[in-house]
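Notes follow once the structure below has been shown.
The values are calculated or read from the model by the stated rules, or taken from the named source; none is laboratory data. All figures in this text were calculated on a predicted structure; none of them were measured in a lab. We place every Cβ from the backbone using ideal geometry, glycine too, and count neighbours over all the protein chains shown.
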Amino acid sequence: MCGIAGFLGETDTGTAAAVLERMIGTLAHRGPDGVGFRTEPGVGLAHARLSIIDLAGGAQPIRNERGTTWVVFNGEIFNHVELRRDLERLGHRFYTHADTEVIVHLYDRHGDRFVEHLNGQFAIALWDGERGRLVLARDRAGIRPLYHARTQGRFWFASEIKALLAVAPELAALDVRGLAQALTYWAPVDPRTAFAGVHSLPAGHCLAIEADGSERRWRYWDWDFPDAGTPPPFASIDDATAALRTLLVDAVRLQLRADVPVGAYLSGGLDSSGIVALVRRFSAAPVRTFSIAFDDAEFDESAHQLEMARHLGTEHSMLRVSRGAIGEAFPRFVAHAEAPVLRTAPVPLMLLSGEVRRAGFKVVLTGEGADEVFGGYDLFKEAKIRRFWARRPDSRLRPLLLGRLYGYLGHSPVANPALAKAFFGQGLEHIDRPVFAHVPRWTTSQRALAFLSADARAALGDWSPLDAYERELPQRASRWTPLARDQYVEAKSLMAGYLLSSQGDRVAMANSIEGRFPYLDHRLIEFANRLPPHWKIRGLTEKHILRRALDGLLPESIRTRTKQPYRAPDAASFFRDGAPLDWVGDLLSPQRLRDTGLFDAAAVGRLLEKCRAGRATGFADNQAFVGILSTSLLHETFVRRRAF
């Protein structure tokens with residue numbers, strides 16, 4: 001795991017070296033073990049290394065046999081052993097033992113289709129000197145970030161936006177549309193970012209800059225599902241369960257490959273517990289586990305974490321995180337996230353990755369992705385109930401099924417049946433729209449848009465969140481089952497944009513930790529996407545087939561436990577003894593808000609008072625507050641260049 005940066009365009013040799021050093025210097029947290037550079041006329045590549053495979057000989061950039069193709073790479077190629085063996089049989093000669101080197105040999109043999117052979121999580125920049133072209137590639141699920149921009153007559157790329165701003169400060173301007181997307185969908189929608197003129201390469205895409213300066217972007221992989229009514233690919237769910245367990249074991253086996261010790265996160269839920277159990281049962285690798293505990297009982301899962309650690313016999317470390325610690329660390333987190341967020345949940349994970357690093361680990365396995373792949377979220381069950389209700393919108397009994405959801409919440413949105421019916425009844429007439437399942441969530445999150453200033457609202461024009469998102473969806477989605485459409489939108493919005501970025505890559509790499517995600521092995525995604533919906537959600541039991549596949553590996557109390565999403569205290573984290581933290585009060589002061597120009601100072605003042613008084617108990621107010629605060633921090637940190 002590493003950081004990459006570079007440029008394409010005319011620059012003299014002396015200037016090129018200084019430019020690359022400035023860029024890669026901002027990414028030292030991603031690669032503290034060394035830096036490497038490659039410059040040729042008109043191109044520069046830089047790499048900050050976190051050494052995990054071939055510790056002695058894997059320094060980048062790495063070349064092909066003739067020295068005509070060079071690559072810098074952020075991530076891991078998990079099937080590099082098999083790829084290397086096949087390439088050597090075909091006559092390719094390797095000079096390192098690094099997984100990176102398979103990339104240049106695959107490119108020599110397969111051209112732009114090299115990426116289709118990779119099983120991994122990656123952001124790649126490859127320079128083909130013979131053809132004078134630069135190729136960028138990003139992994140299928142969007143685990144590793146890759147940004148690019150054109151300015152100063154050059155094309156720039158980097159693992160994080162701050163590396164672009166280090167050499168092109170004119171890019172440090174926030175984009176209102178990108179902010180509005182983040183405050184609605186939880187993240188900007190690729191290729192848009194929170195910064196005007198800065199683009200994110202979408203997951204599963206490549207981008208080539210040819211010798212004549214032309215650009216070509218193409219998708220090499222996407223989430224896909226069979227048409228509704230397609231017969232299952234297996235004769236029975238028993239056959240599918242056996243195949244799933246075999247695939248899970250292999251995904252974990254591949255992702256354990258490293259020349260350094262590998263740890264694991266243990267949340268106490270099915271997903272992470274399943275990963276650790278698979279490691280313990282099917283490999284000889286020792287396992288060190290790590291988890292987060294909270295003082296607030298509503299968020300704390302420590303009892304389940306300790307139960308699993310005892311059951312599996314792991315050496316376990318638990319970090320207890322307070323509200324005060326979240327508030328104190330939030331500015332540092334936003335500087336790493338480079339985007340607005342609606343929750344504080346990433347902050348404890350950033351603090352936990354620091355503990356992992358101090359324990360001497362560089363790599364952790366996590367359970368992220370299982371909910372998107374196997375239908376684990378309440379949102380999927382909620383949509384199932386709402387579709388059932390929409391067929392009889394006058395029914396008094398059908399909406400009562402919502403009461404079976406959200407039992408883990410202290411302020412459950414279904415605690416009051418009348419309010420639940422009014423809220424979840426919104427949009428029932430849109431039952432056939434691909435974004436139907438996400439209407440309640442986005443209705444809640446876009447409360448933050450009500451606090452935008454008049455100028456910001458004018459800049460948005462007639463932007464419609466639902467219409468805008470649906471325009472990004474593939475036409476084939478209309479032929480899928482409702483659950484398949486829900487999963488696709490979830491994978492492209494919350495997962496890729498937020499969970500794998502702000503709550504994944506950024507908080508782990510803030511402390512030079514590589515997170516690995518066995519459930520996002522593309523073979524597992526493709527396998528699960530072919531399964532019928534009732535094998536994923538049986539009644540209102542989520543991840544049905546995954547629970548079956550993990551039978552016998554976990555205590556029944558864990559295997560059958562209802563999903564409890566990972567959460568942390570939100571607005572309450574920014575107040576102490578009835579007063580906002582000093583930096584919060586300063587950032588949300590009327591004068592500072594007017595200077596920033598993004599939010600209505602009077603409206604934010606009323607929300608600040610509501611939160612200060614402890615009256616902001618619902619999701620909408622909490623998310624709006626965190627969204628406004630993180631956006632304001634983003635402006636102060638990157639536009640005003642103020643250190644916190």
Exactly one of (1) over 19 Å from the mean Cα position of the chain (by Cα); (2) part of a strand (DSSP E or B); (3) among the β-branched types (Val, Ile, Thr) is unmet by Val364. Its number? (1)
Looking only at the stretch 59-87, which residues are small (Gly, Ala, Ser) and surrounded by 20 or more Cβ atoms within 10 Å (Cβ to Cβ)? Gly75
Over the stretch 471-512, the set of residues polar (S, T, N, Q) and surrounded by 23 or more Cβ atoms within 10 Å (Cβ to Cβ) is Gln487, Ser493, Ser501, Ser502, Gln503
Do you know which of the residues in the stretch 367-394 that are of a type in the set (Lys, Arg) and touching a residue at least 60 places away in the same chain (Cβ under 8 Å) is farthest from Leu270 (Cα to Cα)? Arg387
For the stretch 318-327, check the following and say yes or no: at least one residue is surrounded by fewer than 19 Cβ atoms within 10 Å (Cβ to Cβ), farther than 27 Å from Met495 by Cβ and in contact (Cβ under 8 Å) with a residue 60 or more places away in the chain. yes
Looking at the structure I just gave you, is Ser302 among the hydroxyl-bearing types (Ser, Thr, Tyr) and modelled with pLDDT under 95? yes
Here the residues within the stretch 163-194 that are within 18 Å of the chain's Cα centre (by Cα) and either aromatic (Phe, Trp, Tyr) or more than 28 Å from Leu473 (Cα to Cα) (or both) are Tyr185, Trp186
Of the residues Ala491, Ala484, Ala468, Ala528, which is at pLDDT below 95, among the aliphatic types (A, V, I, L, M) and outside the structural domain of Ala194 (by TED's automatic domain parsing)? Ala468
Do we find a residue being outside the structural domain of Ala277 (by TED's automatic domain parsing) and in contact with a Ser or Thr (Cβ under 9 Å, 6 or more places away or on another chain) anywhere in the stretch 608-618? yes
Give me the pairs, please: first residue somewhere in the stretch 470-484 and free of Cβ contacts under 8 Å to residues at least 12 places away in the same chain, second residue anywhere and not β-branched (Val, Ile, Thr), beta-carbon distance under 9 Å, and either six or more positions apart or on two chains. none
If you go through Asp212, Asp227, Asp238, Asp250, the only one that is modelled with pLDDT under 95 and either acidic (Asp, Glu) or part of a helix (DSSP H, G or I) (or both) is Asp212
Considering only residues of the stretch 612-644 that are assigned to a loop (DSSP other than H, G, I, E, B) and of a type in the set (A, V, I, L, M), which is farthest from Pro188 (Cα to Cα)? Ala613
Subset of the stretch 80-94, residues touching a residue at least 12 places away in the same chain (Cβ under 8 Å) and either touching a Lys or Arg at 6+ places or on another chain (Cβ under 9 Å) or more than 20 Å from Arg257 (Cβ to Cβ) (or both), comes to His80, Val81, Leu87, Leu90, His92, Arg93
Taking Asp212 as meeting all but one of (1) in contact (Cβ under 8 Å) with a residue 40 or more places away in the chain; (2) over 24 Å from the mean Cα position of the chain (by Cα), write down the number of the exception. (1)
Sort out for me the strands (runs of 3 or more DSSP E) sitting completely within the stretch 1-53 that have 3 or more residues that are crowded, with 24+ Cβ neighbours inside 10 Å and touching a strand residue (DSSP E or B) at 6+ places or on another chain (Cβ under 6 Å). 2-8, 43-49
Members of the stretch 373-404 found to be at pLDDT below 75 and assigned to a helix (DSSP H, G or I), listed by number: Arg398, Pro399, Leu400, Leu401, Leu402, Gly403, Arg404
Which numbered condition Asp259 misses (of (1) closer than 23 Å to Met509 by Cβ; (2) under 21 Å from the mean Cα position of the chain (by Cα); (3) outside any helix (DSSP H, G or I)): (2)
So how many residues does the stretch 257-286 have that are surrounded by fewer than 21 Cβ atoms within 10 Å (Cβ to Cβ) and aliphatic (A, V, I, L, M)? 4
Testing Ser214 on (1) farther than 25 Å from Ala491 by Cα; (2) not assigned by TED's automatic domain parsing to the domain that holds Glu82, one condition comes back false. Which one is that? (2)
Would you check which residues across the stretch 572-619 are among the polar types (S, T, N, Q), over 19 Å from Leu183 (Cα atoms) and within 30 Å of the chain's Cα centre (by Cα) and list them? Ser573
Can you spot a residue in the stretch 299-308 that is under 22 Å from Gly369 (Cα atoms), in contact with a helix residue (DSSP H, G or I) (Cβ under 8 Å, 6 or more places away or on another chain) and in contact (Cβ under 8 Å) with a residue 12 or more places away in the chain? yes
Hits in the stretch 102-123 - residues which are among the aliphatic types (A, V, I, L, M) and either in contact (Cβ under 8 Å) with a residue 60 or more places away in the chain or touching an Asp or Glu at 6+ places or on another chain (Cβ under 7 Å) (or both): Val115, Ala123
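A quick yes/no check of all residues on (1) of a type in the set (Phe, Trp, Tyr); (2) under 30 Å from Leu201 (Cβ atoms); (3) assigned to a loop (DSSP other than H, G, I, E, B):
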{"site": "Glu472", "(1), (2), (3)": "no, yes, yes"}
{"site": "Ser478", "(1), (2), (3)": "no, yes, no"}
{"site": "Tyr488", "(1), (2), (3)": "yes, yes, no"}
{"site": "Asp505", "(1), (2), (3)": "no, yes, no"}
{"site": "Tyr519", "(1), (2), (3)": "yes, yes, no"}
{"site": "Leu531", "(1), (2), (3)": "no, yes, yes"}
{"site": "Leu546", "(1), (2), (3)": "no, no, no"}
{"site": "Ile558", "(1), (2), (3)": "no, no, no"}
{"site": "Gln564", "(1), (2), (3)": "no, no, yes"}
Please tell me if Leu90 is more than 23 Å from the chain's Cα centre (by Cα) and surrounded by 15 or more Cβ atoms within 10 Å (Cβ to Cβ). no
Within the stretch 422-438, identify whether any single residue is touching a strand residue (DSSP E or B) at 6+ places or on another chain (Cβ under 9 Å), at pLDDT 90 or above and over 23 Å from Tyr566 (Cβ atoms), and answer yes or no. no
Quick check on the stretch 107-118: of everything there that is of a type outside the set (Ser, Thr, Tyr) and more than 27 Å from the chain's Cα centre (by Cα), which residue is nearest to Gly57 (Cα to Cα)? Asp108
For Asp139, only one of the following conditions fails: (1) within 30 Å of Val489 (Cβ to Cβ); (2) surrounded by 23 or more Cβ atoms within 10 Å (Cβ to Cβ); (3) touching a helix residue (DSSP H, G or I) at 6+ places or on another chain (Cβ under 6 Å). What is its number? (3)
In the stretch 9-38, what residues are more than 18 Å from Ser51 (Cβ to Cβ) and under 28 Å from the mean Cα position of the chain (by Cα)? Leu20, Glu21, Arg22, Met23, Gly25, Thr26
Candidates Gly44, Gly57, filtered to the one that is more than 27 Å from Met350 (Cβ to Cβ) and at pLDDT below 95: Gly57
